[in-house]
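The values are calculated or read from the model by the stated rules, or taken from the named source; none is laboratory data. What you see is a predicted model; the values in this text were computed from it and never measured. Note that we place each Cβ from the backbone using ideal geometry, even for glycine, and neighbour counts take in every protein chain shown. With ligands, DNA and RNA removed, areas are computed over all heavy atoms of the protein, side chains included. Shrake-Rupley method; radii C 1.70, N 1.55, O 1.52, S 1.80 Å.
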Amino acid sequence: MNKKPIISLIAAMSQNRAIGLNNALPWTPIPADWDNLKLVTQGKRMIMGRKSYDNPHRIWSDVGNFVITRQKDYQVDNGFEVADSLATAFKKCVNDDEVFVLGGEEIFRLALPFADKIFLTIVHENFEGDTFFPIFDETVFDIIAQKEFKRGENTPYDITILTYARKFKNSPN
Ligand SMILES: NC(=O)c1ccc[n+]([C@@H]2O[C@H](COP(=O)([O-])OP(=O)(O)OC[C@H]3O[C@@H](n4cnc5c(N)ncnc54)[C@H](OP(=O)(O)O)[C@@H]3O)[C@@H](O)[C@H]2O)c1
C-alpha cells in the first residue's frame, strides 16, 4: 500500500525574505547553514525548480533529485529526473519517508500548501533579492526547534535555524 512521505521545505531567507539574486544566493556562503542542510537532508530525495537546477551552485541529493519544468524535452544530468509538475514528483516519492523541496520561489509557492515541515534559516540582515520566500500562515505550524548562531560561529552573519511542523493536516478531500 502506498504511504505518503513527509513533505519538507528547506530554505534560507534574509530579514526581507530574499532567497536569491541573479540565480545565486544573495549572501556569501554560510557554513553553519550548509552543515544543517546536509544533516537534515541526508539520504532524502530532493525536488527543485528548473532555475534552481540550472545554477552553477546547485544543491542536490546523492540518492535522487527531481527537476520541475514545463519543457517537454529538458535534459538533466545523471542523478536527476525531470517531472512536469510538483504533483508528478510527489507521486514518484510515495514510498519515501521524507522528501525535500529545495525551491526556488516558484516551487516554494507551489509546495507550501503541502508542507508538513519547513526548515527555515533566517539570515538577520537585509539583502537585495529578485526572489523571495513566500509569506505563509505561520499559525498553522508549531516551531519545534530553534538554533541560533552568532556571527563568527561558522557563519558570517547572525542566523536562526527554525523548524516548523504543521499542526494539522490538510483534508485529502
Ligand atoms: N535561499 C534558498 O534557500 C534558495 C533555495 C533555492 C533556490 N534559491 C534561489 O531561488 C532563485 C530561483 O528561484 P525561481 O523562483 O526563479 O525559480 P525556481 O523555482 O527554481 O524554478 C522555476 C521554474 O520551475 C518550473 N515551474 C514552475 N512552476 C511550474 C509548474 N507549475 N509546472 C511545471 N514547471 C514549473 C519552470 O521551469 P521551466 O521554465 O523550465 O518550464 C520555472 O521556470 C535562484 O536565485 C536561487 O539561487 C534560493
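Inspect all residues belonging to segment 134-142 and state whether any of them is among the hydroxyl-bearing types (Ser, Thr, Tyr) and out of contact with any helix residue (DSSP H, G or I) (no Cβ under 9 Å at 6 or more places or on another chain).
The answer is yes; a qualifying residue exists.
Residues in segment 1-18 that are at pLDDT 95 or above, assigned to a loop (DSSP other than H, G, I, E, B) and open to solvent by 60 Å² or more (accessible area, probe 1.4 Å): 1 in all. Here segment 53-88 is the region considered, the condition is being of a type in the set (Asp, Glu) and part of a loop (DSSP other than H, G, I, E, B), and the residue that is nearest to the ligand (Cβ to nearest atom) is Asp84. Beta carbons closer than 7 Å, at least 6 apart along the sequence or on distinct chains, pair a first residue in segment 81-95 that is without any contact (Cβ under 8 Å) to a residue 60 or more places away in the chain with a second that is basic (Lys, Arg) for Ala83/Lys92; Asp84/Arg70. If the condition is being away from the ligand (no atom under 12 Å from the Cβ) and either open to solvent by less than 40 Å² (accessible area, probe 1.4 Å) or among the aliphatic types (A, V, I, L, M) (or both), then segment 116-137 contributes Asp116, Ile135, Phe136. The set of residues in segment 100-115 being farther than 18 Å from Asn36 by Cβ, touching a strand residue (DSSP E or B) at 6+ places or on another chain (Cβ under 6 Å) and more than 9 Å from the ligand (Cβ to nearest atom) consists of Ala111, Phe114. Among the residues of segment 53-79, just one is surrounded by 16 or more Cβ atoms within 10 Å (Cβ to Cβ) and over 22 Å from Gly20 (Cα atoms), namely Gly64. Within segment 109-149, restricting attention to residues that are aliphatic (A, V, I, L, M) and part of a loop (DSSP other than H, G, I, E, B), the residue that is nearest to Ile19 (Cα to Cα) is Ile135.
Scanning segment 87-103 for residues that are surrounded by fewer than 22 Cβ atoms within 10 Å (Cβ to Cβ) and over 13 Å from Arg45 (Cβ atoms) gives Ala87, Thr88.
Residue by residue, here is whether (1) among the charged types (D, E, K, R); (2) within 16 Å of the chain's Cα centre (by Cα); (3) under 19 Å from Phe108 (Cα atoms) holds:
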position	(1), (2), (3)
Ile6	no, yes, yes
Met13	no, yes, yes
Arg17	yes, yes, yes
Gly20	no, yes, yes
Pro31	no, no, no
Val40	no, yes, yes
Gly43	no, yes, no
Met46	no, yes, yes
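Take segment 147-169 and flag every residue that is open to solvent by less than 70 Å² (accessible area, probe 1.4 Å) and within 24 Å of Pro5 (Cβ to Cβ). Residues satisfying the conditions are Ile161, Leu162, Thr163, Tyr164, Ala165, Arg166.
Just for segment 19-52: of the residues that are near the ligand (Cβ under 8 Å from one of its atoms) and either aliphatic (A, V, I, L, M) or without any contact (Cβ under 8 Å) to a residue 12 or more places away in the chain (or both), which one is least open to solvent (accessible area, probe 1.4 Å)? Selected residue: Met48.
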